[in-house]
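The values are calculated or read from the model by the stated rules, or taken from the named source; none is laboratory data. Predicted model only: the values in this text are computed from it and were never measured. Counting neighbours? That spans all protein chains shown, and the Cβs are built from the backbone with ideal geometry, glycine included.
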């Protein structure tokens, strides 16, 4: 997958066994280390059948996902589609983040109480939908706001919010905790040194997302499945 425009579309929910009228190809990178923008890494091709062509308005049911652009010392070096998490440590030994005491800040592109992981924390007191033109910046610590969130499957944890603010499109937030680790989408990490300037920018340059449930409901209303 080449991480520059154009980007192939993805689905906002997993789906299978739909009637195939045309196909949408999904290219994705296997989990690994940091990937520079424009670098072509190992890719996995996947074809998903899609059966609603010609009966729905793509402008209504397809939208570009949000994305976090990661700038280090003025250079765009990586991106995240789910969240960026600032950790108070110099080396991340595991991709999974189990110790919330090391989490200093979370920047999710969306959040809902039904989510599991970092997105559930912001979503437990200020939900943000995937199609909303905004994100969140959360400082984790001893604050007046305490939320219960599904930090992991079967694990409900109380999390203290020191402060938070809404991020608008094209707005940047600087990583002020140094040295630290910036974990991206739970699968990659970026080292932030004492002299580094790292900024995170919210934008709408992510893959195109198809609203599968809404498309199928529209297909029902138009009698697509009736002989």
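Residue 80 meets the stated requirement of being under 16 Å from the mean Cα position of the chain (by Cα) and either buried (at least 21 other Cβ atoms within 10 Å of the Cβ) or at pLDDT below 95 (or both). Within the stretch 166-175, can one find any residue that is within 15 Å of residue 103 (Cβ to Cβ) and outside any strand (DSSP E or B)? There is at least one residue in the stretch 166-175 that is within 15 Å of residue 103 (Cβ to Cβ) and outside any strand (DSSP E or B). Here residue 101 meets the list (1) at pLDDT 90 or above; (2) outside any loop (DSSP other than H, G, I, E, B) almost entirely, failing just condition (1).
What residue, of 160, 135, is part of a strand (DSSP E or B) and in contact (Cβ under 8 Å) with a residue 40 or more places away in the chain?
Values: 160 fails: in contact (Cβ under 8 Å) with a residue 40 or more places away in the chain.
Of 160, 135, the one residue that is part of a strand (DSSP E or B) and in contact (Cβ under 8 Å) with a residue 40 or more places away in the chain is 135.
With respect to (1) in contact (Cβ under 8 Å) with a residue 12 or more places away in the chain; (2) on the phi > 0 side of the Ramachandran plot, the lone exception for residue 223 is condition (1).
Of the residues screened, residue 182 is one that is in a strand (DSSP E or B), more than 20 Å from residue 123 (Cα to Cα), assigned by TED's automatic domain parsing to the domain that holds residue 121 and within 16 Å of the chain's Cα centre (by Cα).
Among the residues in the stretch 135-142, are any modelled with pLDDT under 95, exposed (fewer than 15 other Cβ atoms within 10 Å of the Cβ) and within 18 Å of the chain's Cα centre (by Cα)? Looking for residues that are modelled with pLDDT under 95, exposed (fewer than 15 other Cβ atoms within 10 Å of the Cβ) and within 18 Å of the chain's Cα centre (by Cα), one finds none in the stretch 135-142, hence no. A search for C-beta distances below 7 Å between a residue of the stretch 64-86 that is without any contact (Cβ under 8 Å) to a residue 40 or more places away in the chain and any residue that is in a strand (DSSP E or B), counting only pairs 6+ apart in sequence or on different chains, returns 76/69.
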